[in-house]
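Peer 1: The structure's right below; bear with me while I get my questions together.
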Amino acid sequence: MRFYITFLALFVVGSLRAGAAAPAATAPPTTRYWVTFRDKGGQQLRPGSYFSPAAQARRRRQHLPPADSTDFPVRPDYVARVRALADSVTLVSRWFNAVACRATPSQAARLRQLPGVSSVTAWPEEVLLPAAHAPAAAGGPLTTADRSLARRQAASLGAADFRQARLNGRGLRIAIFDVGFTGADRHPAFAHLRRRGAIVATYDFLRRTPAVYQGGSHGTEVLSCIAGRLPDSTRLGLGEGAEFLLARTEQMHREKYAEEEAWLAAAEWADRNGADIINSSLGYTTRRYFPEQMNGRTSLVARAAELAVRKGILVVNAAGNDGDDPQWRTVGTPADGDSVLAVGGVDPDTYLHLDFSSYGPAPGQRLKPNVAAFGVVIAAAPGGYVRTEGTSFASPLVAGFAACVWQQQRHLTAMQLFARLQESASLYPYFDYAHGYGLPRAAFFTRPAPEAPASFDVVRQDSVLAVIIREEAARVPARTLPLFADSVRAVTEPAAPAVAAVGQEQPRPAATAPAELVPAAPPAYLYWQLMDREGRLLRYEVLEVQQRAVLRVPLRLLRPGYAARVHYQGYTKTYVAP
C-alpha cells in the first residue's frame with residue numbers, strides 16, 4: 001500500500017526530548033501472536049439463539065447446515081489461560097478456533113506449553129504511518145458532466161432493465177467493511193434508507209463501539225454507490241432496496257494486521273447478523289506481503305473471505321489500485337481469493353481499463369479481476385457530492401448489481417451467483433487480466449438475448465492469421481480512442497501512480513467536459529488474446545475497428561496447441577493452432 005511521508009517521526013523525537021527522563025526500567029516489548037487451539041471439545045451451539053433469523057434463512061435457502069464446527073465457540077478455558085499469560089487478547093475467532101493476542105517472547109514461549117494449544121505464530125509488525133485517506137471531502141455543485149456520470153454509472157450495468165423488472169435488492173442484506181461512514185447518518189442521499197430503518201446494525205471493530213459515523217468518509221462514498229441518491233432522485237447504485245450492516249474495520253493510525261483481525265471479526269459478525277453480501281473496498285499489499293503471496297491462502301483476510309463464502313455469503317472486493325505501480329501491479333488481498341469476486345475499474349469515457357486498476361493474473365495464473373465496473377463515479381460525501389475514482393467504487397456498483405440478481409433468483413448458492421455474474425458480463429466467455437469478463441449486464445437476467453451472430457471471420461493465410469470483420473458488422477468509430485495492450489511476460493513500465501491504495505482514494509477534480517461528448521454505451525472494440533497450451537494469456541489487446549481487416553497475427557507466434565481468441569460485438573471465436 002502507498003503511504004504519504006509525514007512528520008510523525010519528528011514529532012515523536014521532539015516529544016521525547018521535551019518530556020521527562022525515561023524511567024530506569026521499561027517493560028519488555030510485546031508483539032502480536034496468533035494462537036490456535038486443537039479442539040472445541042465439549043462446546044455446543046444453539047443456532048436459533050446465536051444466528052439472526054436472516055442468517056438462519058440464508059443457510060436454509062442454500063441447503064447449508066444450521067451450524068458447523070467453525071461456528072461453535074472457542075473453549076472458554078483455553079481463552080482464559082491465554083488471557084492469564086498474555087499481555088492482552090485482541091480477538092477470539094470461532095471460525096479459526098484461535099485468538100490473537102499481544103505478548104512478550106517469554107510469554108509466547110509459555111503459551112506454547114499450554115494444554116490444547118496447537119500453534120503460536122508471531123506476526124512481526126511495525127506501526128504503520130498514516131495512510132493516504134482523503135479527509136472528508138466537501139461536496140460542491142455538480143457540473144452537467146458530473147450529472148451525466150451519476151446517471152451512467154448505474155445505467156452502464158443495466159439499471160433501466162432492473163427497474164423495469166422491479167429489482168432493487170429488496171430482501172437482501174449487504175455488509176460494508178470500510179474506514180468509516182462520516183456523515184452517512186445525516187446525508188440526504190440516504191434519507192430513504194433512514195425512513196425505512198434499512199441500516200439494521202453498525203459496529204466499529206477497532207474501538208469496539210456501535211458508533212461508525214466517524215473515522216472517514218470513504219465508507220459513506222462506498223455506501224452511496226450501492227444505495228445513494230442525488231437530490232433529483234438519480235440513483236447512484238443499484239441496491240437501494242437492500243438492508244445494510246455497516247462495519248468499521250480500518251483506521252488511519254494502526255498496526256500491521258490489526259485491520260485484518262478487524263476484517264475477520266466483522267465477517268463473523270456479518271454472518272451471524274444475516275449478511276448475504278459483503279462489500280469490501282479494502283486491500284492489503286506492500287509492507288505486509290509480497291505479490292507472490294496473493295494466492296488466496298496466505299493472508300488472514302483471504303482465508304476469512306473463503307470461509308464467509310462457504311457459509312453462503314457472496315464476497316465482493318475491489319481489485320486494487322496498484323496497476324500503475326511497477327513494484328506491485330497485481331490484485332491485493334482479499335481480492336486474491338478464488339471465491340472472492342474481484343472487481344476492476346474501467347474508464348467511463350472509453351469503457352477501457354483504467355491505468356491504476358490492478359491487473360491479474362493472481363499466482364497460479366488464476367483469473368483476476370473477475371468483472372469490472374466504472375472506476376470513476378459520483379458519490380455522496382459530507383456536505384454534498386464528489387467525483388472520485390478507484391476500484392473501491394467499482395466494487396459496490398457490482399455488489400448492488402449482485403443484490404438485484406439474488407433478489408430475482410434466491411435459489412442460487414453464493415458460488416452459483418458468482419458464476420452467473422461472470423456469465424452475464426459483456427465479454428464472456430472472453431476474458432483478460434485487465435477487464436476480467438467485462439461489465440455485468442442486467443439484460444442477461446431480465447431479457448436474455450439469443451446468441452450473438454458471427455461478426456467476424458478468422459482466416460488462415462500464408463503467414464498470418466487474419467481477423468476480418470463481416471461487412472454487416474463493420475463500423476468505424478466516431479472518434480479516435482486509445483488502444484489498450486498488455487503483454488503478460490513483458491510489460492512496459494507504467495507511468496507514475498495516479499490513485500492511492502484501495503480504500504484510500506482521493507477525490508477527483510470535477511469534470512467540465514460537455515456531457516454529450518461522453519458515450520452512453522460502450523464503443524465497439526475488438527478484443528483478442530494469445531494463449532499457450534495451458535490457457536495462460538501471453539498477450540491481450542483491445543483494438544479500434546477502423547477497417548474490415550482489423551488484425552493479422554503472425555503464424556510463427558502460434559505454436560502447436562497455442563490459441564488466439566477474438567471477441568467483437570458479443571461474438572467470441574477461438575482458433576487453436578494444429
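Every read-out reported here was derived from the displayed coordinates using simple, explicitly stated rules and does not represent laboratory data. A quick note: this is a predicted structure, and the numbers were derived from the prediction, not measured. Quick reminder, even Gly has a Cβ in these numbers, built from the backbone with ideal geometry, and neighbours come from all protein chains shown.
Peer 1: Residue by residue through segment 394-409, what is 3J(HN,Hα) from phi via Karplus (6.51 cos²θ - 1.76 cosθ + 1.60, θ = phi - 60°)? Round to whole Hz and write x for glycine and proline.
Peer 2: Those phi angles translate into 5, 4, x, 4, 6, 4, x, 4, 4, 4, 5, 5, 5, 4, 6, 10 Hz.
Peer 1: Could you tell me the extents of segment 161-288's C-alpha atoms along the three principal axes, largest first, rounded to whole Å?
Peer 2: Largest to smallest, the principal-axis extents are 46, 28, 27 Å.
Peer 1: Among rounded, prolate and oblate, which fits segment 375-437 when a ≥ b ≥ c are the square roots of the eigenvalues of its C-alpha gyration tensor, a/c under 1.5 means rounded, and a/b larger than b/c means prolate?
Peer 2: Cα axes put segment 375-437 in the oblate bin.
Peer 1: Does segment 145-445 come out rounded, prolate or oblate, given a ≥ b ≥ c as the square roots of the eigenvalues of its C-alpha gyration tensor, rounded meaning a/c under 1.5 and, failing that, prolate meaning a/b above b/c?
Peer 2: Since a/c stays below 1.5, the shape of segment 145-445 is classed as rounded.
Peer 1: Follow-up. Once amide H atoms are placed 1.01 Å from N in the peptide plane, what residues at a sequence separation of 5 or more from residue 236, or on another chain, have their amide H within under 5 Å of its amide H?
Peer 2: HN-HN under 5 Å from residue 236: 228, 229, 230.
Peer 1: Give me the one-decimal nm value for the distance between modelled label points at residue 170 and residue 112, 7 Å along each residue's Cα-to-Cβ direction.
Peer 2: My value for the distance between the label points is 5.9 nm.
Peer 1: A follow-up question, please. Which order do 368, 40 fall in if you start with the one that has the fewest other Cβ atoms within 10 Å?
Peer 2: With the fewest neighbours first, 368, 40 line up as 40, 368.
Peer 1: When the dipole is taken about the Cα centre of segment 431-473, and only Lys, Arg (+1) and Asp, Glu (-1) are charged at their Cβ, what size is it in debye, to the nearest 20?
Peer 2: 240 debye
Peer 1: Check residue 211: other-chain or 5+ apart residues with amide H under 5 Å from its amide H, H built from backbone geometry?
Peer 2: 204
Peer 1: For residue 43 and residue 194, what is the calculated FRET efficiency with R₀ set at 41 Å and r taken between the beta-carbons, to the nearest 0.05?
Peer 2: It comes to 0.55.
Peer 1: Exposure proxy check: 423, 451, 261 ranked by fewest other beta carbons within 10 Å?
Peer 2: Ordered from fewest to most neighbouring Cβ atoms within 10 Å, 423, 451, 261 come out as 451, 423, 261.
Peer 1: For residue 410 and residue 269 in one chain, what is 0.36 nm times their gap in residues minus the Cα-Cα distance, to one decimal in nm?
Peer 2: Once the chain is fully extended between residue 410 and residue 269, it gains 48.5 nm.
Peer 1: For the pair residue 447 and residue 297, what calculated FRET efficiency results from E = 1/(1 + (r/R0)^6), where r is the Cβ-Cβ distance and R0 = 35 Å, to the nearest 0.05?
Peer 2: The pair residue 297/residue 447 has a calculated efficiency of 0.30.
Peer 1: Now for a different question. So, in nm, how far is label residue 52 from label residue 574 when the simple model puts each one 7 Å beyond its Cα toward the Cβ?
Peer 2: 4.2 nm
Peer 1: Quick one: 3J(HN,Hα) in Hz for segment 266-275, Karplus 6.51/-1.76/1.60 with θ = phi - 60°, rounded, Gly and Pro as x.
Peer 2: These are the phi-based 3J(HN,Hα) values: 5, 5, 5, 5, 5, 4, 5, 9, x, 5 Hz.
Peer 1: Out of residues 5 or more away from residue 199 or on other chains, whose amide H comes under 5 Å of its own, with H placed 1.01 Å from N in the peptide plane?
Peer 2: Here 244 satisfy the definition.
Peer 1: Treat the count of other C-beta atoms within 10 Å as a stand-in for reagent exposure and order 249, 234 from fewest to most.
Peer 2: Result, fewest neighbours first: 234, 249.
Peer 1: So for each of 78-84, 269-275, 539-545, 318-324 I average, over its residues, the number of other beta carbons within 10 Å; can you give me the resulting order with the highest mean first?
Peer 2: Ranked from most to least packed, the peptides come out as 318-324, 269-275, 539-545, 78-84.
Peer 1: May I pose another question? For the pair residue 36/residue 557, report the inter-label distance in nm, with labels modelled 7 Å from Cα in the Cβ direction.
Peer 2: About 4.5 nm, to one decimal.
Peer 1: Provide the gained length on full extension for the span residue 80 to residue 64, in nm with one decimal, where the gain is 0.36 nm per separating residue minus the Cα-Cα distance.
Peer 2: That works out to 2.6 nm of additional length.
Peer 1: Okay, which of segment 540-578 sit inside 14 Å, backbone N to the point 7 Å along the Cα-Cβ direction of residue 464?
Peer 2: Counting only backbone N, you get 546-557.
Peer 1: On to the next question. Please work out how much length the chain gains when fully extended from residue 365 to residue 160, using 0.36 nm per residue of separation minus the C-alpha to C-alpha distance, in nm with one decimal.
Peer 2: 70.2 nm
Peer 1: In debye, nearest 20: dipole of segment 28-124 around its Cα centre with unit charges on the Cβ of K, R (+) and D, E (-)?
Peer 2: 200 debye
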